[in-house]
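Beneath this line is the structure, given in structure tokens, with notes to follow.
The values are calculated or read from the model by the stated rules, or taken from the named source; none is laboratory data. Predicted model only: the values in this text are computed from it and were never measured. Note that each Cβ is placed from the backbone with ideal geometry, even for glycine, and that neighbours are counted across all protein chains shown. Just so you know, the surface numbers come from the protein's heavy atoms only, side chains and all, with ligands and any DNA or RNA stripped out. Shrake-Rupley method; radii C 1.70, N 1.55, O 1.52, S 1.80 Å.
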Amino acid sequence: MKTVAFQQCINPDCRSTFDIGQTLTSCRHCGEFLDIEYDWSKAAPPARLRDLQQRWTNRRFPLDYSGVWRFRDLLPFSADAMVCTIGEGQTFLQNAACLGRKLGMWPGQLWLQYEGMNPSGSFKDNGMTAAFTHARIVGARRVACASTGNTSASLALYAAQNGFQGIVFIGSGKIAFGKLSQALDYGARTLQIEGDFDTCLARVRQVSGQLGLYLMNSVNPFRLEGQKSIMYRILESLNWEPPDWIVVPGGNLGNCSAFGKAFAELHQLGLVRRIPRLAVINAQGANTLFRMVNDGLTWNGGRVNNALIQSHYARLDAENIHPHTVASAIEIGRPVNLKKALRALDIMKGVVAQVSDNDILEAKALIGRFGFGCEPASAATIAGLRQLLASQVISRNERVACVLTGHGLKDPDATVQYHTGIRTKDAQMPAAEPTWGSFANQPVRVADDMHAIVQALGMSMDDLEGSPRSGYVETAADLPFVEY
Ligand SMILES: *Cc1c(COP(=O)(O)O)cnc(C)c1O
Ligand SMILES: [Zn+2]
């Protein structure tokens, strides 16, 4: 297949291009980041987006089944035979009507894109399938990443299934045990080095450059190509009518960058008429994007004010500030995709908010109470949405899609501590009181005795005979609207 794809520097004063047969994480000339670009006059973009959804019915062909590759016409960099897919992206946009009502939104306007349903339990699989495909194209054997957890879990899974050796670097900071257990189980060589995620990533970039390891972090532009598909699936679920808002947590900022690129391309190709707005949510303890945007940093046509970024990082160093949040997946102080994220904010008329750990945990519990599971970082979306509704940046009648980035079972310690106050050995909760939250659902100690059980259930001995009396049954919809 004659490829129509190439790599291109994002710096408007450089714009160097490179063949996709090269393994690069930055421009050889100016050091800026790269995009994967396509010559759409040679590619065959779909005439209508809805033509792509038919493919899903052809489930026995892995590329058509994949929630990433059934949109392959929008990321045409690989021959079909080279694609590494394990059926990622079978994820759904769920209408969260009750949760939306609890947040004061108009009926039916809140949607949750449930990316925890991916094979390794996070959205990272969308990107890994694309990056592993490129790794196969260039003949790589060893693949590496730095990770707060989910990247390593996903890398380890794809490496094991596709015949690569996986190598993961985790910092000495926090990692949720669900995630660590995956990397270990899938047989990745796991190195724990001293320092936080930012240190770890800087080191692994150096190591992989020198040892020829294929780097799987989101500095790899192919990762972002796969992550564009999250937007395609949201559109597909809404019958190709864009929502008003996309809300996503911001860590290393690869995901929001990919979303911006997805919509820029769809718009350029005339496949969508309207681009949704973007809300990126930082944790207060890891709020580089929030601060930088408030300090006036913008994409500025690609001529980003580097001095402003450098002075922010110099201040973090001088004051010895390290990122700190219960949402370990977004505990990142130096987001590598900062500039691409600024571009996404520009394309999607975006906003950035920051939320406290307490808000994140309360939002997570609320999401859970309505029957949707996610890890703390993902819940930053709902915490951020609450704030943006309160400040009327987002209106109550607008249609909002929040990306739940990771599965609830990734970090059970955080959940158990929230509900019980019990600080498990590995829980990464803030030590501050209160130790449990407003929606805490504590297990009840009860004797092995029928009377005691009936009483604990708030029922009566009469209920034992025949069918229970019809009476008041509490459901999630009855939850008090707790201000936190
Ligand atoms: C990686 C990750 C994030 C952060 O995504 P970025 O692309 O780095 O901004 C958020 N939530 C979860 C669950 C993640 O695994
Ligand atoms: Zn360049």
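With the condition kept exactly as written, say whether any residue in the stretch 195-211 is aliphatic (A, V, I, L, M), part of a loop (DSSP other than H, G, I, E, B) and surrounded by fewer than 24 Cβ atoms within 10 Å (Cβ to Cβ). Steps first, answer last, please.
To start, the set of residues in the stretch 195-211 that are aliphatic (A, V, I, L, M) comprises 201-202, 204, 207, 211.
Next cut, part of a loop (DSSP other than H, G, I, E, B) only: none.
Checked the stretch 195-211: no residue is aliphatic (A, V, I, L, M), part of a loop (DSSP other than H, G, I, E, B) and surrounded by fewer than 24 Cβ atoms within 10 Å (Cβ to Cβ).
Among (1) open to solvent by 50 Å² or more (accessible area, probe 1.4 Å); (2) at pLDDT 95 or above, which single condition is His322 missing?
All conditions pass for His322, except number (2).
Taking the stated definitions as given, is Ala307 on the phi < 0 side of the Ramachandran plot and either in contact with a helix residue (DSSP H, G or I) (Cβ under 8 Å, 6 or more places away or on another chain) or assigned to a loop (DSSP other than H, G, I, E, B) (or both)?
Working: on the phi < 0 side of the Ramachandran plot: yes; either in contact with a helix residue (DSSP H, G or I) (Cβ under 8 Å, 6 or more places away or on another chain) or assigned to a loop (DSSP other than H, G, I, E, B) (or both): no.
So Ala307 fails the test.
Being more than 16 Å from ligand 1 (Cβ to nearest atom) and either under 29 Å from Cys374 (Cβ atoms) or in contact (Cβ under 8 Å) with a residue 40 or more places away in the chain (or both) narrows it down to one of Gly89, Gly108, so name that one. Reasoning before the result, please.
Working: Gly89 fails: more than 16 Å from ligand 1 (Cβ to nearest atom).
Gly108 is the lone residue from the list that is more than 16 Å from ligand 1 (Cβ to nearest atom) and either under 29 Å from Cys374 (Cβ atoms) or in contact (Cβ under 8 Å) with a residue 40 or more places away in the chain (or both).
Can you confirm whether Leu224 is open to solvent by less than 10 Å² (accessible area, probe 1.4 Å), more than 27 Å from Leu389 (Cβ to Cβ) and in contact with a Lys or Arg (Cβ under 9 Å, 6 or more places away or on another chain)? So that I can check it myself, show each step before the final result.
Values: open to solvent by less than 10 Å² (accessible area, probe 1.4 Å): yes; more than 27 Å from Leu389 (Cβ to Cβ): yes; in contact with a Lys or Arg (Cβ under 9 Å, 6 or more places away or on another chain): yes.
For Leu224, the condition - open to solvent by less than 10 Å² (accessible area, probe 1.4 Å), more than 27 Å from Leu389 (Cβ to Cβ) and in contact with a Lys or Arg (Cβ under 9 Å, 6 or more places away or on another chain) - is met.
Suppose we keep only residues that are of a type in the set (Ser, Thr, Tyr) and under 19 Å from Trp69 (Cα atoms) within the stretch 1-53. Which one would you say is nearest to ligand 1 (Cβ to nearest atom)? Before you say what the answer is, go through the steps one by one.
Taking the stretch 1-53 as the starting set, the residues that turn out to be of a type in the set (Ser, Thr, Tyr) are 3, 16-17, 23, 25-26, 38, 41.
From what's left, under 19 Å from Trp69 (Cα atoms): 3, 38.
Values: Thr3: 26, Tyr38: 22 Å.
Among those residues, the one meeting the criterion is Tyr38.
Against the conditions (1) within 16 Å of ligand 2 (Cβ to nearest atom); (2) without any contact (Cβ under 8 Å) to a residue 60 or more places away in the chain, where does Gln22 fall short? Just the number, please.
(2)
How many residues are surrounded by fewer than 17 Cβ atoms within 10 Å (Cβ to Cβ), more than 28 Å from Ile382 (Cβ to Cβ) and charged (D, E, K, R) if we restrict to the stretch 257-315?
3
Glu115 is checked against (1) more than 20 Å from Phe71 (Cα to Cα); (2) in contact with a strand residue (DSSP E or B) (Cβ under 8 Å, 6 or more places away or on another chain); (3) not β-branched (Val, Ile, Thr) and fails just one. What number does that condition carry?
Glu115 satisfies all of (1) more than 20 Å from Phe71 (Cα to Cα); (2) in contact with a strand residue (DSSP E or B) (Cβ under 8 Å, 6 or more places away or on another chain); (3) not β-branched (Val, Ile, Thr) except (1).
Determine, yes or no, whether Ser257 is in a loop (DSSP other than H, G, I, E, B) and within 16 Å of the chain's Cα centre (by Cα). Show your work before the answer.
Details: in a loop (DSSP other than H, G, I, E, B): no; within 16 Å of the chain's Cα centre (by Cα): yes.
The answer is no for Ser257.
Name the residues in the stretch 369-396 that are modelled with pLDDT under 95 and not hydrophobic (A, V, I, L, M, F, W, C), would you?
Just the residues of the stretch 369-396 that are modelled with pLDDT under 95, to begin with: 369-373.
If the condition is that a residue be modelled with pLDDT under 95 and not hydrophobic (A, V, I, L, M, F, W, C), then Arg369, Gly371, Gly373 are the ones that fit.
Would you mind stating whether Phe77 is open to solvent by less than 10 Å² (accessible area, probe 1.4 Å) and in contact with a strand residue (DSSP E or B) (Cβ under 6 Å, 6 or more places away or on another chain)?
Working: open to solvent by less than 10 Å² (accessible area, probe 1.4 Å): yes; in contact with a strand residue (DSSP E or B) (Cβ under 6 Å, 6 or more places away or on another chain): yes.
Spelling it out, Phe77 is indeed open to solvent by less than 10 Å² (accessible area, probe 1.4 Å) and in contact with a strand residue (DSSP E or B) (Cβ under 6 Å, 6 or more places away or on another chain).
In the stretch 42-60, which residue that is at pLDDT 90 or above and open to solvent by 100 Å² or more (accessible area, probe 1.4 Å) is farthest from Arg72 (Cα to Cα)?
Arg60
Within the stretch 189-198, can one find any residue that is over 24 Å from Ile321 (Cα atoms), away from ligand 1 (no atom under 12 Å from the Cβ), of a type in the set (Asp, Glu) and in contact (Cβ under 8 Å) with a residue 12 or more places away in the chain?
The answer is no; no qualifying residue exists.
Filtering the stretch 152-172 down to residues that are more than 16 Å from Val204 (Cα to Cα) and of a type outside the set (A, V, I, L, M), which residue is farthest from the chain's Cα centre (by Cα)?
Gly163
Answer yes or no as to whether Thr85 is hydroxyl-bearing (Ser, Thr, Tyr), outside the structural domain of Gln392 (by TED's automatic domain parsing) and not in a loop (DSSP other than H, G, I, E, B). Can you show your working first?
On the way: hydroxyl-bearing (Ser, Thr, Tyr): yes; outside the structural domain of Gln392 (by TED's automatic domain parsing): yes; not in a loop (DSSP other than H, G, I, E, B): no.
Answer is no for this residue.
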